[in-house]
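A.B. asks: What follows is a structure written as structure tokens; I'll ask about it next.
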Amino acid sequence: MYRFGAGASITRILLITNILIYVGTSIASNSYIQTSHEVLILVGQVNYLVLQGYVWQMFTSIFVHVNLIHLLGNMLFLMIFGIGAEVLFGRRQYLIIYLSSGLFGSLLSLFTGLNTVSAGASGAIFGIFGAVTIYSERLDAQSILMALVYTLYFLMLNIGVNVNVYAHAGGLLVGLILGYRYTQKQSEENYI
């Protein structure tokens, strides 16, 4: 049996957390296919409620998903980018990238309008993607430019109806910045 100890994978913990929260919201919604609007208002991010003091919704919404397809897509990309990011950056920095990207995506989501309801791990996952992309390009100017073009292209692929581009862009921006910072720090440590 797997135990959550000192060697626990952060990616695995995030996957299990997102899935368990989806199970909980499904039970509360009486549907395993889609989270009800009432549940989303309680644990998703409702901008007018956040502005009235429900600031915690900016955090909880990172772990709430609108429907089963939304959850499965995000968890697939979390596995693809998360496992590598955890190895590249280490557990602590990886978790900082994930949570900071998700929270900044939630913050930018406030610009989508007062009546907007947001949910999903996409901003955090875009942050992980950005950090891994910057790391893989390793800090020379041409490579960083190519990484930015690639991430912009990936972002453009994810524009559509009911897609929170603000959360995606915010998460991506933080991921790129933190990925650059951590990569630069690792390069400096290697020269010492």
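A.B. asks: How do His65, His70 line up, fewest other C-beta atoms within 10 Å first?
C.D. replies: His70, His65
A.B. asks: Using the basic label-point model (7 angstrom from Cα toward the beta carbon), what is the Asn162 to Ile13 distance in nanometres?
C.D. replies: Reported label-point gap for Asn162 and Ile13 is 3.2 nm.
A.B. asks: Related question: Evaluate E = 1/(1 + (r/R0)^6) for Gln184 and Ile41, where r is the Cβ-Cβ distance and R0 equals 41 Å; express this FRET efficiency to the nearest 0.05.
C.D. replies: 0.50
A.B. asks: Counting other C-beta atoms within 10 Å, which of Phe104, Phe59 has the fewest, and how do the rest follow?
C.D. replies: Phe59, Phe104
A.B. asks: When a footprinting reagent is the concern and you count Cβ atoms within 10 Å, what order do Ser26, Ser36, Ser187 take, fewest first?
C.D. replies: Details: Ser26 20, Ser36 14, Ser187 11.
Lowest count first: Ser187, Ser36, Ser26.
Quick note: the coordinates plus some simple rules give every number you see, no bench work behind them. It should be emphasised that the depicted structure is a prediction, and the values quoted were computed from it without experimental measurement. Note: ideal-geometry Cβ built from the backbone for every residue, glycine included; neighbour counts use all protein chains shown.
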